[in-house]
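Working notes, structure below.
The values are calculated or read from the model by the stated rules, or taken from the named source; none is laboratory data. Since the structure is predicted, the reported quantities are computational estimates derived from the model, not experimental observations. Here Cβ is always computed from backbone atoms with ideal geometry, including for glycine, and neighbour counts include all displayed protein chains.
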Amino acid sequence: MAAISRRNFLEGLFDTSQNRTEVNTSLDEYTQPLNRLQVRHLLRRATFSMTNSVIDKYVGKTAGEVVDALFANADKNTSPIQPFFVNDVIKNPQNLSGKQKEEEAAKRALHLGDYNRELGKWWVILMKNDRDSFLEKTVLFWHDHFATQFAICDNIPAISMYKQNDLFRKNYAGNFRTLLEQIAIDGAMLRYLNGNENVSDSPNENFARELMELFSIGVGNYTEQDIREGAKILTGWKITMYADEGTPYKAFLNPSHFDANSKLFMGEVFAVNYEISEQNVFNNSVKKLIDVILNKKGQEVSKFLANKMYEYYVYANPSKTDQAVVGELAKVLLDNKFEIKPMLKKLFKSQHFFDDLNVGVQLKSPPETIIGMLRHLEYNDLYARNIMAALGLELFNPPNVAGWKGYRTWISTKTLPSTIHFLKEIINTNNDLALGNWANTIESSGDVHILTERMLELFIARPVSAERVKKYENMLLAGAPDYEWYEIFKNKEQAGQKVRNLLFEIIKAPDYFLF
Amino acid sequence: MGVGVVANLNIGKMSVSAFEPSNYAVQNDNILVIIQQFGGNDGINTITPYEWDLYYNLYRPKLNIPQSAVTPISKDKGMAMHPNLKLGPRNGMLGLFESGKLAIMHGLGYDNPNYSHFRSTDIWLSGLVPNTDSEPLRSGWLGRYFDKTKPSEKTESPFCLQVGQNPSLMFLGETGEKSIVLEDAEQLYNQAKSVESDKISIGGSAYFLDEFNYVNQIGVEVNEYSKVIKKAFDAGKNIEKYSDRPLSNQLKLVARLINGGLKSKVYFVEHTGYDTHSNQGGLDGAHSRLLAELSEAISAFQSDIESLGHSKNVIGLTTSEFGRRPYENGSMGTDHGTSNVMFAFGDEVKGEIFGSHFAFLPFRDFQNLWFDTDFRSIYYEIMVSWFGQSPEYAESVLGKKFAYISSKGFIKTTVEDKTLPPPPEVPKTSADINSPDNPLNPKNITEQDTFVLYPNPVPGNSAFLNMRLYVQADLTIIQSYVSGQVLGEIHRKSYQPGVHNVYLDLLGGPGLYLLKIKVGKRNHYIKCLKI
């Protein structure tokens, strides 16, 4: 069995002539049963961490079956256990005095600081445990797309950040319209882009500008007039974190801050010919604004989103040839009235997605490396969150509203050595026995060839040359003949030491940083 | 590298191949230190127009730096320095100016400015001003500069060194990164030991190879350069005392590496926090604190470099991605603007003021200033005068040549070049509604406000009134029959001067009506046909 699978494993290895222009651009379904390499390709793009049992489950199934299963699993898990602090409400310390004031101020500090880090830890755990669905990877896409930082002048409370994350999770592959409508009155976003300071007397254009530039249409496809009018349409929304100042963490309308004049946005009149109530303003201003954007700029929006998703899931530096695929995906999005799931399903089941040219070409972001390792070894989840922050991806704290730059910025002269350094720290937190026991969870790990192959499969996307396989096997054997591994492996502590050496060698490889 | 990256860079009409290393990128031992004031520095409160009433009364009624606090640096030009710019060794940046080592360069910007933070940052870092907003900017000016290096002149040291976290677009060339990013030399050295340091050949598709080689190359460079950097760090020292702030610490490391013999041409440090949309504050505010840190860091660095004996070969430059608007906003801050002031420092810069205060430039629209020096003039001069390149070399990096600032340039060795194109033209009239030259200024207005109703005839009840108001006024619109009989008031609101589109919901059925528009004390009439 080992021999056969290694033949599969080396498939395509010597095909070095392929050029990007030769990529299969068809979005038609790939109907062949998936081999191990293809299952791994799909799982890597869908999740942050793989296990052999999930790979085994899907080998031989069709792309259609596996993709449907990955979405069905995601749909089932959109309501995970909430962070412990979500129902912990506070009062405004300014309205209190004495000991009460101190207590509430201390609580407030937790909500603005530590709880945001706890929230990162909470998400790390979800990412780590999600190895069989599209959910967490897609939630991170939305966090990057609607980038909101908790660490601003006056930090955003963790519950607001959580609620935003929950919005992304509940709508992970839902309708883009809903996401746009809801993000416009999202508590964290209202704080982050000054929506709560956007008042009729002096409109703040911050959110309106980014709504068009970064969230929906893309730079250059709207006018400054659109931004000014858009800002007026979005006036009046507020958010509070205090229980004594309304319903905390839920957006509400302050009618006296809402601009009741008519506005002209992209040629559409926004008349305020209704009673100014929260529901009416949401329906006739916010929802209508999104509606006008999606109607008038549907082509631009679908292209913008399809392209961004393509870069996230397939390849971050698409060529002209790929643009044709993106164009077709945009059409699927538009035809489905901005429902996202049909487009993603089309993409992940397609011949294009499974083309060998798309395998192993993405650069790993910090969650790809860190969560990918964390899944297998013991490590503190909060520290893992901190490591990812040190490597440039701090959960709930992107560098700015444009999100993470991604692609090659993940691997720089700064991050490459520190990623390896931190991975070693994670590996070294596990003693020899623990590593040996982990290796033992891999089926047939008593065969040195299979164990090496399985470990490489977990961490490296494409097949490696026979010569390199030999080198890696030798990290385990240390000169012993291959049949002796079975004996060596009986002593888990001794085996663990060798497994550590192999892991150290794997995380150095340039293709370890690709997926 | 692979197909996608090899593509020629098309700057304007000129095609620059990244693979024609026709010149040497390293002509001399001169070093440039760049301090990026990230977020858009408010130049008006950095160098204040201290004798200008409008600064205190009109533009910055809340956020001005009081006249009594500033130090005048040019009575003639009406310029003074923010008081915090005298913090640091030997009187800070003020001391540098007084000893002729600080160039204060006014009016830098570019045409058709982009107000997006990210886009404008990319424009400054790339040194390219594209015709359209959507054209991607994929390389930086120094990245392209070092793209042209011949393989034979590759030194042991990285071309550029960035102290901080994130690689800047400035150093990204068509053929890859031209810089090393580090925070701590020892740490880099220790961590680099476990990076794959061999160049590996591997099979696979073109794009996989492209990315594989990219990562592999980073590893090779880290390994190689970390040793060189560690060596320089161990051999180097600091003499001057620096304050314990991030910017000071970064520059301290730069001085030590230079002293230790690192041959990098460009060092880059980042000072963050300048995006002061709100709570910019006055003398005790956030912006003032940033200037204190800036002055302390720059003056300590310059003093250190002098004491260490490198000041003939090191100049520094501050850059920021845009200026801020003259008018303060309603949230105690200032918004993204256009034109700005930039500093250069060192023994080899001309310790003068270039240009008049940029705040005196006319407005290009209601909010933003014109510029009178293209920011790329500075890049161009650095390449020609400081790095000793031919004008053609500099032109190939930027796509064209640029006039030196005030035609003489800010570097001592710069020779005036009459063949350079002229500086940007600045229109005479200001679009600032309060400017005395602006024909739209209410004080200059002899003409009346204008009103156009559209569509007219009006189908149904909805119409728009397009109006240009020259003074702030309370506006009332009353609809009546042509006979004069009033139907009712249809609009009432106070308006600022400027162009407005007012939505009107008209009364009555089809027919001819009069709209009486009362603006302050004046009345205007428009006929309107409803169909």
Task: Selection within region A:123-147 - buried (at least 24 other Cβ atoms within 10 Å of the Cβ) and not in a helix (DSSP H, G or I) - done: A:F134, A:F146
Open item on the list: Where the second residue is part of a loop (DSSP other than H, G, I, E, B) and crowded, with 21+ Cβ neighbours inside 10 Å and the first is without any contact (Cβ under 8 Å) to a residue 12 or more places away in the chain and in the same structural domain as A:W237 (by TED's automatic domain parsing) and lies in region A:196-209, which pairs have Cβ atoms under 7 Å and are six or more apart or on separate chains?
Closed with: A:E197/A:N204
Task: Residue satisfying condition, being assigned to a loop (DSSP other than H, G, I, E, B) and of a type outside the set (A, V, I, L, M), within set A:F396, A:F422 - done: A:F396
Task: Selection from region A:210-221 of residues that are in a loop (DSSP other than H, G, I, E, B), touching a residue at least 24 places away in the same chain (Cβ under 8 Å) and not hydrophobic (A, V, I, L, M, F, W, C) - done: A:G218, A:N221
Task: Subset of region A:265-291 [in a helix (DSSP H, G or I) and touching a strand residue (DSSP E or B) at 6+ places or on another chain (Cβ under 6 Å)] - done: A:E278, A:V281
- [ ] State whether one or more residues within region A:193-209 are in contact with a strand residue (DSSP E or B) (Cβ under 7 Å, 6 or more places away or on another chain) and surrounded by fewer than 24 Cβ atoms within 10 Å (Cβ to Cβ).
- [x] yes
- [ ] Name the one entry in A:R177, A:R117 that is in contact with a Phe, Trp or Tyr (Cβ under 8 Å, 6 or more places away or on another chain) and basic (K, R).
- [x] A:R177
Task: region A:203-244: number of residues that are within 14 Å of chain B (Cβ to nearest Cβ) and either within 24 Å of the chain's Cα centre (by Cα) or of a type in the set (D, E, K, R) (or both) - done: 17
TODO: Scan B:V519, B:V502 and give me the residue that is surrounded by 13 or more Cβ atoms within 10 Å (Cβ to Cβ), among the aliphatic types (A, V, I, L, M) and farther than 22 Å from A:A271 by Cα.
DONE: B:V519
Task: Residue count, region B:209-226 (criterion: more than 8 Å from chain A (Cβ to nearest Cβ) and of a type in the set (A, V, I, L, M)) - done: 1
Open item on the list: Looking at region A:145-175 only, could you name the residues that are under 24 Å from A:F348 (Cβ atoms) and either within 14 Å of another protein chain (Cβ to nearest Cβ) or small (G, A, S) (or both)?
Closed with: A:A173, A:G174
Task: Hits in region A:53-92 (condition: surrounded by fewer than 16 Cβ atoms within 10 Å (Cβ to Cβ) and in contact with a His (Cβ under 9 Å, 6 or more places away or on another chain)) - done: A:D88
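Mind listing whichever residues of region B:234-251 are out of contact with any Asp or Glu (no Cβ under 7 Å at 6 or more places or on another chain) and in a helix (DSSP H, G or I)?
Scanning region B:234-251 gives B:D234, B:A235, B:P246, B:N249, B:Q250, B:L251.
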Task: Qualifying residue in region A:419-429 (condition: within 22 Å of A:N116 (Cβ to Cβ) and within 11 Å of another protein chain (Cβ to nearest Cβ)) - done: yes
Open item on the list: Given the options A:R462, A:R468, name the one that is over 28 Å from B:K178 (Cα atoms), basic (K, R), without any contact (Cβ under 8 Å) to a residue 60 or more places away in the chain and within 11 Å of another protein chain (Cβ to nearest Cβ).
Closed with: A:R468
Open item on the list: If a residue counts only when it is aliphatic (A, V, I, L, M), which strands (runs of 3 or more DSSP E) contained entirely in region B:255-352 have at least 3 such residues?
Closed with: B:314-320, B:340-345
TODO: Please state which of the following conditions A:Q323 fails to meet, knowing it meets all the rest: (1) in a helix (DSSP H, G or I); (2) touching a residue at least 40 places away in the same chain (Cβ under 8 Å); (3) of a type outside the set (K, R).
DONE: (2)
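Table: residues versus (1) within 48 Å of the chain's Cα centre (by Cα); (2) within 26 Å of B:D432 (Cβ to Cβ); (3) free of Cβ contacts under 8 Å to residues at least 12 places away in the same chain.
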| site | (1), (2), (3) |
| --- | --- |
| B:Q472 | yes, yes, no |
| B:Y495 | yes, yes, no |
| B:D505 | yes, no, no |
| B:G511 | no, no, no |
Task: Residue, nearest to B:I315 (Cα to Cα), within region B:361-383, restricted to residues that are modelled with pLDDT of 95 or more and not aromatic (F, W, Y) - done: B:I382
- [ ] Out of the residues in region A:247-264 that are away from chain B (no Cβ under 11 Å) and outside any loop (DSSP other than H, G, I, E, B), state the one that is surrounded by the most Cβ atoms within 10 Å (Cβ to Cβ).
- [x] A:L253
Open item on the list: On the basis of being buried (at least 20 other Cβ atoms within 10 Å of the Cβ) and modelled with pLDDT of 95 or more, does B:A80 make the cut?
Closed with: yes
Task: Hits in region B:130-175 (condition: buried (at least 22 other Cβ atoms within 10 Å of the Cβ), out of contact with any Pro (no Cβ under 9 Å at 6 or more places or on another chain) and more than 14 Å from every other protein chain (Cβ to nearest Cβ)) - done: B:W141, B:L142, B:R144, B:Y145, B:F146
- [ ] Sort through B:S295, B:S264, B:S299 and tell me the only one that's crowded, with 23+ Cβ neighbours inside 10 Å and either within 22 Å of B:F375 (Cβ to Cβ) or in contact with a Cys (Cβ under 7 Å, 6 or more places away or on another chain) (or both).
- [x] B:S264
TODO: Look at region A:190-202 and say how many of its residues are facing another protein chain (nearest Cβ under 9 Å) and assigned to a loop (DSSP other than H, G, I, E, B).
DONE: 2
- [ ] Starting from residues that are surrounded by 24 or more Cβ atoms within 10 Å (Cβ to Cβ) and small (G, A, S), keep the ones in region B:101-125 and report whichever is farthest from the other protein chains (Cβ to nearest Cβ).
- [x] B:A103
Task: Members of region B:251-293 found to be of a type in the set (S, T, N, Q) and touching a Ser or Thr at 6+ places or on another chain (Cβ under 8 Å), listed by number - done: B:S264, B:T276, B:S278, B:N279, B:Q280
- [ ] Residue by residue through region A:265-277, note down the ones that are of a type in the set (G, A, S) and either touching a residue at least 40 places away in the same chain (Cβ under 8 Å) or more than 14 Å from chain B (Cβ to nearest Cβ) (or both).
- [x] A:S277
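Would you check which residues across region B:473-499 are loosely packed, with under 15 Cβ neighbours inside 10 Å and either within 17 Å of A:N261 (Cβ to Cβ) or basic (K, R) (or both) and list them?
Passing the criteria: B:D474, B:E489, B:R492, B:K493, B:S494, B:Q496, B:G498, B:V499.
Out of the helices (runs of 4 or more DSSP H) lying entirely within region A:31-88, which hold 2 or more residues that are among the small types (G, A, S)?
So the answer is A:63-76.
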